[in-house]
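Inspection log for the structure reproduced underneath, given as structure tokens.
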Amino acid sequence: METEALERPADLTIWRTAPASAPLAQPERFNTLREAISAAAGALSDPAKQPWIITEEGEILSPNWIRTYLN
């Protein structure tokens, strides 16, 4: 991934793996991909949450991609 891409806007959606009692996932817009990744990091510690990011270019970053990037 280009370093420039980290400074572009991105949307983070945290899907819940819990049953229907969980509210519908709503995307949250971040000013930079770097901020979205940081917010996603907190969700990764909860096995009931699956963070997905969509970059400004339309690239979809899965929970596994986020984990790999953070490590």
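Dipole size of the chain about its Cα centre, with +1 on Lys/Arg Cβ and -1 on Asp/Glu Cβ: approximately 380 debye, rounded to the nearest 20.
How charged is the neighbourhood of E2? Take every other residue with its Cβ under 14 Å from the Cβ of E2, and add Lys/Arg as +1 and Asp/Glu as -1. Kindly include the intermediate steps, with their values, before the conclusion.
On the way: positive: R8, R34; negative: E4, E7, E56, E57, E59.
Neighbour charge sum, excluding E2 itself: -3.
Report the longest stretch of the chain that contains none of the GluC sites (Glu not before Pro) sitting in a DSSP loop with at most 16 other Cβ atoms within 10 Å. Write out the running numbers ahead of the final one.
Working: sites that count: E2, E56, E57, E59.
So the longest stretch without any such site is 3-55.
Computed extension gain for Y69 through D11, at 0.36 nm per residue and net of the alpha carbon distance, reaches 19.2 nm. Annotation for D46 and E2: the two label points, set 7 Å from Cα along the Cα-Cβ direction, are 3.5 nm apart.
The helix-only estimate of mean residue ellipticity at 222 nm for the chain, built from DSSP H runs of length n ≥ 4 each weighted as -39500 (n - 2.57), is -8500 deg cm²/dmol after division by the residue total.
Just the number, please: carbon plus sulfur as a percent of the accessible area of the chain, 1.4 Å probe, no ligands or DNA/RNA counted. Solvent-exposed carbon and sulfur of the chain make up 52 percent of the total.
The values are calculated or read from the model by the stated rules, or taken from the named source; none is laboratory data. All values reported here derive from a predicted model rather than from experimental measurement. All Cβ positions, even for glycine, are placed from backbone atoms using ideal geometry, and neighbour counts span all protein chains on display. Accessible surface areas use protein heavy atoms only, side chains included; no ligands, DNA or RNA. Shrake-Rupley method; radii C 1.70, N 1.55, O 1.52, S 1.80 Å.
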